[in-house]
Amino acid sequence: MKTYNYQIRLRSDAEPACGLGNELLNGLVPRDMHGNLVIPASHLKGIMRENLAVMLARLLGPKGDTLVDFLFGRPGEGGDDGDNGKFHLSDAVAKTDKRVTITRTAINDAGTAKGGSLRTTEAIAAGTTLKGKLTL
C-alpha cells in the first residue's frame with residue numbers, strides 16, 4: 001500500500017453541506033470530532049468521479065465508464081456485490097476555523113425577493129487549506 005498526502009487550497013468559498021438531510025443542518029459546514037472543518041471524502045470522490053467520467057466519455061466513449069468503475073468502484077445490483085475502488089481517500093480537514101456566512105434569497109419573476117426564501121449558510125472561507133491522504 002502506498003499513501004500520498006494531498007492538500008486543497010480553496011480559491012473561492014466552499015459550501016460542502018453536512019448532508020444530514022434538512023435545510024437547516026445542510027446549511028452547516030461538516031466538522032470532524034475535534035471540531036475541524038471538513039470536506040467529506042465521499043463529496044470529493046463524487047466530484048472526482050463525475051469530472052473524470054465526463055473527460056473519459058469524450059476521449060473513449062462508452063469504454064470510459066469501465067475505467068471509471070475500475071478506479072472508483074461499482075455499486076452492486078441484482079444480487080451482485082459490486083466492486084471496490086482502487087484507492088481510498090480520507091476527508092480533507094482544515095486545521096483552522098475560517099468560516100464565512102452567506103445569506104441569500106430567491107428572486108421572483110418581478111425581480112424582487114421571493115417571500116420566505118431568505119436563508120443563511122456556513123461556508124469554508126476562500127484561501128483555506130485542507131489536507132488529507134490518498135491510499136492506493
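None of the figures in this text is laboratory data; all of them are computed from the coordinates on show. Bear in mind the structure is a predicted one, so any value in this text is a computation, not a measurement. Please note: Cβ atoms are built from the backbone with ideal geometry, for glycine as well, and neighbour counts cover all protein chains shown.
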- Task: Towards the positive end of the charge dipole of region 36-136, with charges on Cβ (+1 Lys, Arg; -1 Asp, Glu), say which of Gly132, Gly79, Thr66 has the farthest Cα.
- Result: Gly132
- Query: Of Leu56, Gln7, Met33, whose Cα points farthest to the positive end of the dipole of the chain (charges on the beta-carbon: +1 Lys, Arg; -1 Asp, Glu; origin at the Cα centre)?
  - Reply: Gln7
- Going by alpha carbons, how many degrees (0 to 90, nearest 10) lie between the helix axis of 41-60 and the longest principal axis of the chain? 60
- Task: First obtain the Kirkwood hydrodynamic radius of the chain from its Cα pairs, then insert it into the Stokes-Einstein equation at 20 °C and 1.002 mPa s, and state the resulting D in µm² per second as a whole number.
- Result: 123
- Query: Hey, in the GNM for the chain with a 10 angstrom Cα cutoff, which one of Thr112, Thr121, Thr101 fluctuates hardest?
  - Reply: Thr112
- Message: Please give the charge dipole size of the chain, origin at the Cα centre, charges +1 on K and R Cβ atoms and -1 on D and E Cβ atoms. Round to the nearest 20 debye.
- Response: 640
- Query: To the nearest 10 degrees, how steeply does helix 63-72 sit against the main Cα axis of the chain, on a 0 to 90 scale?
  - Reply: 80
- Query: So what's region 61-136 giving for Rg/Rh, alpha carbon basis, Kirkwood Rh from the mean inverse pair distance?
  - Reply: 1.22
- Candidates Val38, Val68, Val93, ranked by Gaussian network fluctuation over the chain, Cα under 10 Å, top entry: Val68
